[in-house]
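All remarks here apply to the structure that follows.
The values are calculated or read from the model by the stated rules, or taken from the named source; none is laboratory data. Since the model is a prediction, treat every value here as computed from it, not as a measurement. So basically every Cβ, Gly included, is an ideal-geometry build from the backbone, and we count neighbours across all protein chains shown.
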Amino acid sequence: MPAPSNRPLNERTNFLLSQLGFHTAARFTERLTELGIQPNHFGLLVHLSQGEGRTQQQLAEALGIHRKVMVGLLDDLEQRGLAERRRHPADRRAHAIHLTDAARALLPQARAIADAEEEELLTGLDAGERRQLLALLQRLAEHSGNPRGVHPGLRRSPGLPA
């Protein structure tokens, strides 16, 4: 193990990533509140928009989410009128998950909020620097063991285990 470093916090990558992540997550959460959703709802809606009709179990497995957490997230979306469970055509015991018209209307607004948040975060970088930063962050994320395109916050639901 290397000797401890006396570098200041503003020279530590982990601190800066945490600082920026906390800052942007708080602003994104606040902005999504206007739409009545949280970031974990946004993440699940985006995944649903890429393939409706999957079962709760299929979604949970694809996203690496405990089935109880998935049920809680889907309950939240259903209560907000953004998702609906329908009988699965091939398995009467399962439910196929679909977006509602309200979700289809809300998603472009939520994506615009996400885009605006990203633009504000990256204001100080030119196009080349943005591409470079994205490539480096993707590489780091890949090596972290997190599933590609699945935010760890999606795995939690209020009152349920992570």
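Going through (1) out of contact with any Ser or Thr (no Cβ under 9 Å at 6 or more places or on another chain); (2) in a helix (DSSP H, G or I); (3) of a type in the set (D, E, K, R) one by one, ARG92 falls short only on (2).
The set of residues from segment 26-77 being in a helix (DSSP H, G or I), within 20 Å of ALA110 (Cβ to Cβ) and among the aliphatic types (A, V, I, L, M) comprises ALA26, LEU32, LEU44, LEU45, VAL46, LEU48, LEU59, LEU63, MET70, LEU73, LEU74, LEU77. As a summary of the residue check, GLU52 satisfies the conditions (1) within 25 Å of PRO147 (Cβ to Cβ); (2) acidic (Asp, Glu); (3) surrounded by fewer than 12 Cβ atoms within 10 Å (Cβ to Cβ) except for the one numbered (3).
Scanning segment 12-32 for residues that are over 15 Å from ALA116 (Cα atoms) and surrounded by 10 or more Cβ atoms within 10 Å (Cβ to Cβ) yields ARG12, PHE15, LEU16, LEU17, SER18, GLN19, LEU20, GLY21, PHE22.
Just to verify a result, which residue in segment 86-100, among those that are of a type in the set (A, V, I, L, M, F, W, C) and in contact (Cβ under 8 Å) with a residue 12 or more places away in the chain, is surrounded by the fewest Cβ atoms within 10 Å (Cβ to Cβ)?
Across segment 86-100, the extreme among qualifying residues is ALA94.
Going by what's in this entry, would GLN79 be described as closer than 17 Å to GLY36 by Cα, exposed (fewer than 15 other Cβ atoms within 10 Å of the Cβ) and either hydroxyl-bearing (Ser, Thr, Tyr) or in contact (Cβ under 8 Å) with a residue 60 or more places away in the chain (or both)? No, not satisfied.
Confirm whether ALA112 is over 15 Å from the mean Cα position of the chain (by Cα) and over 24 Å from ASN146 (Cα atoms). Break it down into steps so the answer makes sense when it comes.
On the way: over 15 Å from the mean Cα position of the chain (by Cα): no; over 24 Å from ASN146 (Cα atoms): yes.
Spelling it out, it is not the case that ALA112 is over 15 Å from the mean Cα position of the chain (by Cα) and over 24 Å from ASN146 (Cα atoms).
Checking GLY36, GLY53 one by one, the residue that is touching a strand residue (DSSP E or B) at 6+ places or on another chain (Cβ under 9 Å) and of a type in the set (Gly, Ala, Ser) is GLY53 and no other.
Does ALA103 qualify as being within 21 Å of GLY149 (Cβ to Cβ), surrounded by 13 or more Cβ atoms within 10 Å (Cβ to Cβ), at pLDDT 95 or above and not acidic (Asp, Glu)?
yes
The residue of segment 132-162 that is farthest from ARG67 (Cα to Cα), among those that are among the basic types (Lys, Arg) and at pLDDT below 80, is ARG148.
Kindly check whether there is at least one residue in segment 73-94 that is modelled with pLDDT of 90 or more and closer than 20 Å to ASN146 by Cα. Scanning segment 73-94 turns up at least one residue that is modelled with pLDDT of 90 or more and closer than 20 Å to ASN146 by Cα.
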